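The values are calculated or read from the model by the stated rules, or taken from the named source; none is laboratory data. Every value quoted in this text rests on a predicted model; they were computed, and no experiment measured them. We place every Cβ from the backbone using ideal geometry, glycine too, and count neighbours over all the protein chains shown.
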């Protein structure tokens, strides 16, 4: 059973054999049919993505469910994601069930997504305290969901939602997330420097973080970001603008190390 699965994974990943998804799905189902949870999860992923097989969401769900019956944590998360994508109340409730199971087992993505559901009230009763609890747990986990959680926590501290308003704590969390390349945190960090919230007002730093947010594809309010750029540009000297552009370039080149 494991030998069949291992051979399938070699073909799927291209490690130890030429990458060949069709060959992979000859071997992985043999192991999945014998009850190997990892093989069941991998087969679900193949059907979800259409790797080596015709894309089939129902079959993906089937194999994820079988893996989940054996407490496969990533299967919980994928079932949650697929349920949430349904976009209806019952689907969100189903998603919250799967995310809860994964979150209880320490999965960072599930903790973040469950926190988002508590924050918005989708699939669960809206509960700022429950959202914060999930975000705090996720913030100690793995990239990138830990950094997404830090961004949401920062927003809560900035607005005083579920916690006492604390601009300094918001600044710290935004920055911790921003230096990992999270564009929303970079944009909000630019706002804090621009307005002098939680940190001394610094248009040069604000300009730098706005540039980085745009560079990293912050599309939600990209026009707003450019408006902020133009507003503070009028308050800056040409030398400050040039320095901010140099700092932004340096941040990207050095992967945010010493990004001051």
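Among helices (runs of 4 or more DSSP H) entirely within segment 155-260, having at least 1 residues that are closer than 28 Å to residue 118 by Cα and modelled with pLDDT under 95 singles out 183-195, 203-215, 222-233. With respect to being at pLDDT 95 or above and assigned to a helix (DSSP H, G or I), residue 39 falls outside the description. Does residue 161 count as in contact with a helix residue (DSSP H, G or I) (Cβ under 8 Å, 6 or more places away or on another chain), within 21 Å of residue 256 (Cα to Cα) and without any contact (Cβ under 8 Å) to a residue 40 or more places away in the chain? Here the answer is no, as residue 161 does not meet what is asked. Residues considered: 104, 85, 23. Of these, the only one that is within 24 Å of the chain's Cα centre (by Cα) and modelled with pLDDT under 90 is 85. Return the residues of segment 114-139 that are surrounded by fewer than 17 Cβ atoms within 10 Å (Cβ to Cβ) and either touching a residue at least 24 places away in the same chain (Cβ under 8 Å) or within 22 Å of residue 85 (Cα to Cα) (or both); say none if nothing qualifies. Answer for segment 114-139, where residues must be surrounded by fewer than 17 Cβ atoms within 10 Å (Cβ to Cβ) and either touching a residue at least 24 places away in the same chain (Cβ under 8 Å) or within 22 Å of residue 85 (Cα to Cα) (or both): 120, 121, 125, 126, 127, 128, 129.
Once segment 147-164 is narrowed to residues that are over 15 Å from residue 197 (Cα atoms) and under 17 Å from the mean Cα position of the chain (by Cα), the residue that is surrounded by the most Cβ atoms within 10 Å (Cβ to Cβ) is 149. So is residue 39 farther than 23 Å from residue 145 by Cα and surrounded by fewer than 20 Cβ atoms within 10 Å (Cβ to Cβ) or not? The answer is no for residue 39. A single member of 111, 93 is assigned to a helix (DSSP H, G or I) and surrounded by fewer than 24 Cβ atoms within 10 Å (Cβ to Cβ), and it is 93.
The single condition from (1) assigned to a helix (DSSP H, G or I); (2) over 17 Å from the mean Cα position of the chain (by Cα) that residue 124 fails is (1).
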